[in-house]
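Step one of this worksheet: look at the structure below.
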């Protein structure tokens, strides 16, 4: 049986065209035992302590800010368990009101009061700038804290109308933090560095992000915007932006067999001991041309660094950019080293790399790159005739699974892309426990913005339940709406110690 999630497909504002779709997933992983609460600490001081309400509580809500009452309640209820909704509630607890509650909101949106459900009006209250500080950040239609146009409506007409019509279908996104969300959060808590981000490079500037051409080779990587044999454009802008769009290219057609070109990153300083290197690769050379990814690690014993091979990439030339993830496990200062090697046979082009990102996170275990997705959207019918399947994948425990995709939704829910996770027969079935107990998979529709920090990928997780032996889990999400209509929109009261006024617990 399938485990289904569905998404509303919209064009990414961070990429010029929705030409291809990339779905990445982790392995099926054992689900950790849930904790009743946790402590968030900052500079040695306890800021907030939260206790989650029952997972099957009817709603998702939070008080705004630290109420300084010890254990503080925050509810992540049924149908609230998508990452952006959890982020929304925690931003409340960290001190953030809804975006449409800003003192200047009337300059940007209009609240249609007679369309709001009775008893829900307080969710649209406007607060002065002493209560709700905008931190000198512009009004953010893309904020994860903004309500959708349909929030708490009593009919079919919108409750929020944006003064700029373009943003009517933007407000209420529940994919991830916006850039301004993160800017305000970092500003409020004086955060100037990231725990996980290390580096990003789209090669738009002549300094190529501080990378260096190694003296230990006999050729160089070139800073180009196109190559006759391909690529015709970079990956960042796809040729959409005039006088921009660069990548690095090793021209294997102009050098002898065995020639090498080495490009090294600036020196990097790890904190966590594991990293994920992500980049796009284009091969227009020979199928025997190769790209090697190394790390040069520095230590007191080896001040000039020692090279360690991480991955070898080879294959037949293709006429598109391919996404690669490479897992690193570096604990001392290091450089990432890209080495291109000219192979045998005819080459009309060479090897190209673009949009490099390095973060101290775990790489996805599997990636399904769907080519020409725009064409599929335009030609695929809703229902089973428009369903496509990924290649089979294996989890770390040995379970075989496959991803099914309804490109234009199911018959009863068209236009909302639906993803099914299928457990399938595999080579290890006789040695595995069945039913497959409490394994979790996370599927991500990858935003292809060149800078990993500015991506708003759409992420869903599903968990196998050994008591559910047939049927499927069906949840329909429209990313432009905060929550399914009529669900999880309760609002409660909470007395504060700072004053005698009652502060509402705000709904998503």
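Throughout, read-outs are computed from the coordinates displayed, never taken from laboratory work. In this text, all values refer to a predicted model and were calculated from it rather than measured experimentally. Here the Cβ positions follow ideal geometry from the backbone for every residue, glycine too, while neighbour counts run over all protein chains shown.
Here are a few things to note about the model shown:
- Linear extension gain, residue 122 paired with residue 194, 0.36 nm per residue minus alpha-carbon span: 22.4 nm
- Region 119-274 shape via C-alpha gyration tensor axes, a/c threshold 1.5: prolate
- Residue order, fewest to most surrounding Cβ atoms within 10 angstrom, among 208, 112, 171, 452: 112, 208, 452, 171
- Scattering curve values for region 197-359, log₁₀ I(q)/I(0), Debye with Cα scatterers, q = 0.08, 0.16, 0.21 Å⁻¹: -0.22, -0.89, -1.44
- Residues 166, 280, 189, sorted so that the one with the fewest Cβ neighbours within 10 Å comes first: 166, 189, 280
- Given their separation in residues at 0.36 nm each and the Cα-Cα distance between them, residue 287 and residue 78 gain 70.1 nm when the chain is fully extended.
- Inter-probe distance in nm under a simple model that places probes 7 Å from Cα toward Cβ, at residue 311 and residue 348: 2.8 nm
- Cα gyration tensor, region 268-407 - rounded (a/c under 1.5), prolate or oblate: oblate
- Note on residue 157 and residue 182: the extension gain reaches 5.9 nm, defined as 0.36 nm multiplied by sequence separation minus the Cα-Cα distance.
- Averaging the Cα positions of each part gives two centres, and for region 260-297 and region 345-389 these lie 20 Å apart.
- Order of 226, 92 under a 10 Å beta carbon neighbour criterion, fewest first: 226, 92
- A straight line joining the Cα centroids of region 82-110 and region 176-204 runs 18 Å.
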